[in-house]
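Accompanying notes for the structure given below.
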Amino acid sequence: EGGSSGRRRESVKVAISDEEKAVYDRQIRLWGLEAQNRLRNSSVLIAGLSGCGAEVAKNLMLAGLKSITLLDHRKVTEMDESNQFFIAPGSIGQNIRNTALLIR
């Protein structure tokens, strides 16, 4: 709610569009429009872009979250590049977060 200063964080709510209703139709039928709107207005931090973190990021993006912040200070290794679907080719030695192909 407020943090250490006691101030309440205000956020702008974004209503779901007709186009998004069509895209997320199955989810809306499963858990309802209100829940999809909450997802649409949610922000998430993912710490660590291992195989699991990348899969979670992908699935949250597909669910329609407002914002996903990626936190990982590691450098891309040869193993990362060969095993991770989200790493751009030729990225060995670069920051893994900056090379992630997770743009909506």
Members of region 68-90 found to be polar (S, T, N, Q) and either touching a Pro at 6+ places or on another chain (Cβ under 9 Å) or surrounded by 11 or more Cβ atoms within 10 Å (Cβ to Cβ) (or both), listed by number: Thr69, Thr77, Asn83, Gln84
Answer residue from region 20-32, given it is surrounded by 14 or more Cβ atoms within 10 Å (Cβ to Cβ) and of a type outside the set (Val, Ile, Thr) and is modelled with the lowest pLDDT among those: Glu20
If we keep just the residues of region 92-104 that are among the hydrophobic types (A, V, I, L, M, F, W, C) and at pLDDT 80 or above, which is surrounded by the most Cβ atoms within 10 Å (Cβ to Cβ)? Ile96
In region 37-67, residue surrounded by the most Cβ atoms within 10 Å (Cβ to Cβ) [restricted to those that are closer than 30 Å to Ile16 by Cα and hydroxyl-bearing (Ser, Thr, Tyr)]: Ser42
Condition check: at pLDDT below 90 and closer than 30 Å to Thr99 by Cα. Does Val12 satisfy that? yes
Somewhere in region 46-54, is a residue under 16 Å from the mean Cα position of the chain (by Cα), of a type outside the set (S, T, N, Q), closer than 26 Å to Phe85 by Cβ and modelled with pLDDT of 90 or more? yes
Within region 84-91, does at least one residue satisfy the condition of being modelled with pLDDT under 90, under 15 Å from the mean Cα position of the chain (by Cα) and farther than 30 Å from Asp25 by Cα? no
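The values are calculated or read from the model by the stated rules, or taken from the named source; none is laboratory data. Everything numeric in this text was worked out from a predicted model, so none of it was measured. Ideal geometry is used to build each Cβ from the backbone, glycine not excepted, and the neighbour counts take in all protein chains shown.
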